[in-house]
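Participant: My structure is below; once you've seen it, I'll send some questions.
The values are calculated or read from the model by the stated rules, or taken from the named source; none is laboratory data. The shown structure was predicted, so the numbers you read here are calculated from the model rather than taken from an experiment. FYI the Cβ positions are ideal-geometry reconstructions off the backbone, even for glycines, and counts take in every protein chain you see.
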């Protein structure tokens, strides 16, 4: 997912399986990641869509906690990655957010499970 834009909303909202447990986002470009207004706006967009997805899944009998896993290809080149704990704040109320560093053998660098 290079950037969250409208086609992704359509794709996300088309998922209706009551067995869905995890949505994985592959984040390929993080070198210029900053907790900027533009970056927050993009991830707020994803946050809103994920919360809507939880509501739709509950309506069809979904009984699992949905996890959003963000898999970063180049987290080492991302100077502000510790700020990722503030990403997807509304969804964290409904599900679990996990950040994975694929460059370090799929190391978990953050999980909202520990925030509960």
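Participant: Please enumerate the residues belonging to segment 58-79 that are modelled with pLDDT of 90 or more, crowded, with 16+ Cβ neighbours inside 10 Å and in a loop (DSSP other than H, G, I, E, B).
Facilitator: 66
Participant: Quick one: count up the residues across segment 36-57 that are over 15 Å from residue 96 (Cβ atoms) and either at pLDDT 85 or above or surrounded by 13 or more Cβ atoms within 10 Å (Cβ to Cβ) (or both).
Facilitator: Residues flagged as over 15 Å from residue 96 (Cβ atoms) and either at pLDDT 85 or above or surrounded by 13 or more Cβ atoms within 10 Å (Cβ to Cβ) (or both) within segment 36-57 amount to 11.
Participant: Among the residues of segment 6-35, count how many are at pLDDT below 60 and under 25 Å from residue 101 (Cβ atoms).
Facilitator: The qualifying residues number 6.
Participant: How about segment 90-109: which of its residues are in contact with a helix residue (DSSP H, G or I) (Cβ under 7 Å, 6 or more places away or on another chain) and without any contact (Cβ under 8 Å) to a residue 24 or more places away in the chain?
Facilitator: To start, the set of residues in segment 90-109 that are in contact with a helix residue (DSSP H, G or I) (Cβ under 7 Å, 6 or more places away or on another chain) comprises 90-92, 94-97, 99, 101, 103, 109.
Passing the criteria: only 92.
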